[in-house]
Amino acid sequence: MRALPARLIAVLSLTVAVGWPAVGTVSARQDPPTFRGGINLVSLNVVVKDSRGRVIRDLTGADFEVRDQGRTVRLADFRVSDDPISVAVLIDTSGSMSLGTRLECAKRAAEQLFGQMLSADELGLFTFDRNLKTVVPFTADMQALRKGLGTIEPFGSTSLHDAVAAVARQLSDRRASRRAVVAITDGFDTSSDLSAQAAASLAGSIDVPVYVLAVAPHSEPPDAHAPALERIEGGGVARLDDLTAHTGGVSLAAEGALETGLAVKQILTDLRTAYLLAFTPDPAPGWHQIVVRVTRKNASVRTRAGFWMTAPEPAR
């Protein structure tokens, strides 16, 4: 992973007590997201797929190799379960979302997510332009979520990176071991303090994968002032991969009804079938790069890129 941008150190901090699952608290805005040294376990949600993009479901703990800073670590826990999931749905309400069918596509994607949640799952509905707004706090009440969805209207500029970081912080307090941010946007961030990489570093450090559903039509000409276009999983292009890749999530196209349905299915399949791993980290302070491999041939592995570790506080 590239070095953490200096601006992240100046903008925010997240100190995380490493547990099973990890739980986070917000601290003073002066240091990067960290795990406190000397505490038990680092958790990983790991998605494994074959060469055709199908989830591999029959692996055991012995099939995984996990490296922390290049050192192979022993798994302290390994689980394959149907635990409930907690998802923060984050809808872009900037002015550009009023163009064409973008907001309609965004609401359709959210509605499909609502319709496929199980009774034990929970969602929170948030919107963002320059500021983050909680429309419906985390709940299992799909009727309340649908009602909240009907109140959303576009207005303002876009602070996608800041909003992703903020809702990731909120997810760090949820009890579910399977958590994710699903951001639905046209992809033009115009006003964030954080870079995409900085927001991804925060979300990844607390094991919250970020998924982005891009609703800008492929036929639209790119903005001359936007960052370079990148290919995204499922076809099409986006400017969002830096926001997802280091968290274990992906960017997906969600313009038409068919691709939106496929994107929502992929997100929920990832969350419901991810392997849950835990290990005792090397106590060395600083950025810890995580590498996960499996013994299965032609398999691809997706998980967060690493975490930050601070030095243990001196005994008093």
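The values are calculated or read from the model by the stated rules, or taken from the named source; none is laboratory data. This is a predicted model, so every value here is computed, not measured. Cβ atoms come from the backbone with ideal geometry, glycine included; neighbour counts cover every protein chain shown.
For residues in the range 31-50 being within 18 Å of Ser177 (Cβ to Cβ) and modelled with pLDDT under 90, which is surrounded by the most Cβ atoms within 10 Å (Cβ to Cβ)?
Among them, the one singled out is Phe35.
All but one of (1) on the phi < 0 side of the Ramachandran plot; (2) at pLDDT 90 or above; (3) out of contact with any Pro (no Cβ under 7 Å at 6 or more places or on another chain) hold for Leu243; state the number of the condition that does not hold.
Here Leu243 clears every test but (2).
Among the listed residues Gly70, Gly61, Gly53, identify the single one that is surrounded by 13 or more Cβ atoms within 10 Å (Cβ to Cβ) and small (Gly, Ala, Ser).
So the residue among Gly70, Gly61, Gly53 that is surrounded by 13 or more Cβ atoms within 10 Å (Cβ to Cβ) and small (Gly, Ala, Ser) is Gly61.
Condition first: within 12 Å of Val89 (Cβ to Cβ), among the charged types (D, E, K, R) and out of contact with any Pro (no Cβ under 9 Å at 6 or more places or on another chain). Now tell me which residues in the range 108-137 satisfy that.
Glu111
Looking only at the range 204-223, decide whether some residue is touching a Phe, Trp or Tyr at 6+ places or on another chain (Cβ under 7 Å), without any contact (Cβ under 8 Å) to a residue 60 or more places away in the chain and more than 23 Å from Ala263 (Cα to Cα).
Yes, that holds for at least one residue.
Here's the yes/no breakdown for (1) at pLDDT below 90; (2) surrounded by fewer than 24 Cβ atoms within 10 Å (Cβ to Cβ); (3) in the same structural domain as Leu123 (by TED's automatic domain parsing):
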position: Asp207; (1), (2), (3): no, no, yes
position: Arg231; (1), (2), (3): yes, yes, yes
position: Gly235; (1), (2), (3): yes, yes, yes
position: Gly248; (1), (2), (3): no, no, yes
position: Lys265; (1), (2), (3): no, yes, yes
position: Asp282; (1), (2), (3): yes, yes, no
position: Gln289; (1), (2), (3): no, yes, no
position: Ser300; (1), (2), (3): no, yes, no
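Among the residues of the range 93-110, is there at least one that is touching a Leu at 6+ places or on another chain (Cβ under 7 Å), buried (at least 22 other Cβ atoms within 10 Å of the Cβ) and under 20 Å from Leu268 (Cα atoms)?
Yes, the range 93-110 contains at least one residue that is touching a Leu at 6+ places or on another chain (Cβ under 7 Å), buried (at least 22 other Cβ atoms within 10 Å of the Cβ) and under 20 Å from Leu268 (Cα atoms).
Search the range 138-151 for residues being within 15 Å of Ala88 (Cβ to Cβ) and not small (Gly, Ala, Ser), and hand back the single one that is surrounded by the fewest Cβ atoms within 10 Å (Cβ to Cβ).
Here the answer is Thr139.
Has the range 179-190 got any residue that is surrounded by 24 or more Cβ atoms within 10 Å (Cβ to Cβ), among the basic types (Lys, Arg) and assigned by TED's automatic domain parsing to the domain that holds Thr247?
yes
Tell me which residues, restricted to the range 129-169, are among the acidic types (Asp, Glu) and within 16 Å of the chain's Cα centre (by Cα).
Asp162
For the range 282-312, give me the residue count where each residue is within 21 Å of Arg179 (Cα to Cα) and assigned to a loop (DSSP other than H, G, I, E, B).
The total comes to 3.
Using the structure shown, decide if Ser81 is in contact (Cβ under 8 Å) with a residue 40 or more places away in the chain, out of contact with any Asp or Glu (no Cβ under 8 Å at 6 or more places or on another chain) and closer than 25 Å to Lys265 by Cβ.
It is true that Ser81 is in contact (Cβ under 8 Å) with a residue 40 or more places away in the chain, out of contact with any Asp or Glu (no Cβ under 8 Å at 6 or more places or on another chain) and closer than 25 Å to Lys265 by Cβ.
Looking at (1) in contact (Cβ under 8 Å) with a residue 12 or more places away in the chain; (2) farther than 15 Å from His246 by Cα, which is the one condition that is false for Lys147?
(1)
Can you pull out every residue in the range 152-168 that is buried (at least 20 other Cβ atoms within 10 Å of the Cβ) and touching a residue at least 60 places away in the same chain (Cβ under 8 Å)?
Thr158, Leu160, His161, Ala163, Val164, Ala165, Val167, Ala168
List pairs: first residue in the range 241-256 and in contact (Cβ under 8 Å) with a residue 24 or more places away in the chain and assigned to a loop (DSSP other than H, G, I, E, B), second residue buried (at least 23 other Cβ atoms within 10 Å of the Cβ) and of a type in the set (Phe, Trp, Tyr) anywhere in the structure, Cβ distance under 9 angstrom, at least six positions apart or on different chains.
Listed by first residue and then by second, the contacts come to Gly249/Tyr211; Val250/Tyr211.
Quick test for you: out of Arg304, Arg293, pick the one residue that is surrounded by 23 or more Cβ atoms within 10 Å (Cβ to Cβ) and of a type outside the set (Asp, Glu).
Testing whether each residue is surrounded by 23 or more Cβ atoms within 10 Å (Cβ to Cβ) and of a type outside the set (Asp, Glu) leaves just Arg304.
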